[in-house]
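The values are calculated or read from the model by the stated rules, or taken from the named source; none is laboratory data. Model, not experiment: these values are computed from the prediction. Heads up, the Cβs are rebuilt from the backbone with ideal geometry, glycines too, and the neighbour counts pull from every protein chain shown. With ligands, DNA and RNA removed, areas are computed over all heavy atoms of the protein, side chains included. Shrake-Rupley method; radii C 1.70, N 1.55, O 1.52, S 1.80 Å.
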Amino acid sequence: MALPDNAISLPVQELAFPEIIELNVGGQVYITRYSTLTSVPDSLLWEMFSQKSTESLARDTKGRYFVDRDGFLFRYILDYMRDRQLVLPDHFPERGRLQREAEFFNLPELVKLLAPKLSKQNSLGDEGCQSDPEEPSPGADVGAVACSSDGKCSGFITIGYRGSYTLGRDSQTDAKFRRVARIMVCGKTSLAKEVFGETLNESRDPDRPPERYTARYYLKFTFLEQAFDRLADAGFHMVACNSTGTCAFAHEQTDDKIWASYTEYVFYRE
């Protein structure tokens, strides 16, 4: 039906945000839908992305919205906002820190889901393994390893890192790799300190006894070759490595795929 000439057309209200939104959370890039970020009313993300203007939101150098929080744990925050369920890996060591993230993002139901299982031993690192408990079991022989005449002891050190890369439709094209954000160190405390010295960041597991094991250390530099050189100089050699990768997002228009990966290298010194 035709409108009369004097009819007034109302302006269509445009959304301030696109349907697909890129986030930079503590250096980790996430791509999700606008509806996911606003799925929990009164949450911090709902408040951020329900505004009529984007001017007050921080952005990184590539224009992505920046949130200064733990980028590794944010994946669980985002998973919860998708379907309102908490699904964690077995023996997940980060419940305490994830609970703090849930409190920051103002997700009270997620805080409740995390609180009952919180324990001292669970508040550990964001690595796949967790540090051993402070008290050894009765009869356990902690730290019984062979040492040479110059005081160097045998043992394992595992180096791990998370990364991501973008691969286009043509698999023959070069992949675009992102820099390594953090190199994690797992092993006996005394060995880690011997090999990496002042380049070892112990802030997440201070005062760990030298005979104990930890998975909470990481290095102050981000070059894998530098870590390998230090291990080789200390007499370690690589005995195993493994890597896993998952497709985190596929762009609908360009078919570019963003892959997330986790890689570990195991070194041993006799």
Q | Failed condition for ARG212, given (1) within 29 Å of ARG97 (Cα to Cα); (2) in contact with a strand residue (DSSP E or B) (Cβ under 7 Å, 6 or more places away or on another chain); (3) modelled with pLDDT under 90 | A | (2)
Q: Using the structure shown, decide if MET184 is touching a Gly at 6+ places or on another chain (Cβ under 6 Å) and at pLDDT 85 or above.
A: yes
Q) Pairs under 9 Å by beta carbon, first residue at positive phi in segment 65-94, partner aliphatic (A, V, I, L, M) and open to solvent by 10 Å² or more (accessible area, probe 1.4 Å), six or more apart or different chains? A) ARG84/VAL40
**Q.** Tally of residues being open to solvent by 40 Å² or more (accessible area, probe 1.4 Å) and either on the phi < 0 side of the Ramachandran plot or hydrophobic (A, V, I, L, M, F, W, C) (or both) across segment 95-115
**A.** 9
Q.
Cβ contacts < 7 Å: first residue assigned by the TED database to the domain that holds ASN201, restricted to segment 222-239; second residue open to solvent by 40 Å² or more (accessible area, probe 1.4 Å) and assigned to a helix (DSSP H, G or I), any location; separation 6+ or different chain. Result?
A. ALA234/GLU194
Q: Report, ordered by the first and then the second residue, all pairs with beta carbons closer than 9 Å, sequence separation of six or more or different chains, a first member in segment 251-270 that is on the phi < 0 side of the Ramachandran plot and of a type in the set (Phe, Trp, Tyr), and a second member that is assigned to a loop (DSSP other than H, G, I, E, B) and at pLDDT below 90.
A: TRP259/ALA175; TYR262/GLY128; TYR268/SER154
Q: Sort out which residues of segment 197-209 are assigned to a helix (DSSP H, G or I) and either open to solvent by less than 60 Å² (accessible area, probe 1.4 Å) or at pLDDT below 85 (or both), and write them in order of number.
A: GLY197, THR199
Q. Counting only residues that are farther than 19 Å from PRO108 by Cβ and open to solvent by 40 Å² or more (accessible area, probe 1.4 Å), how many does segment 39-63 have?
A. 9
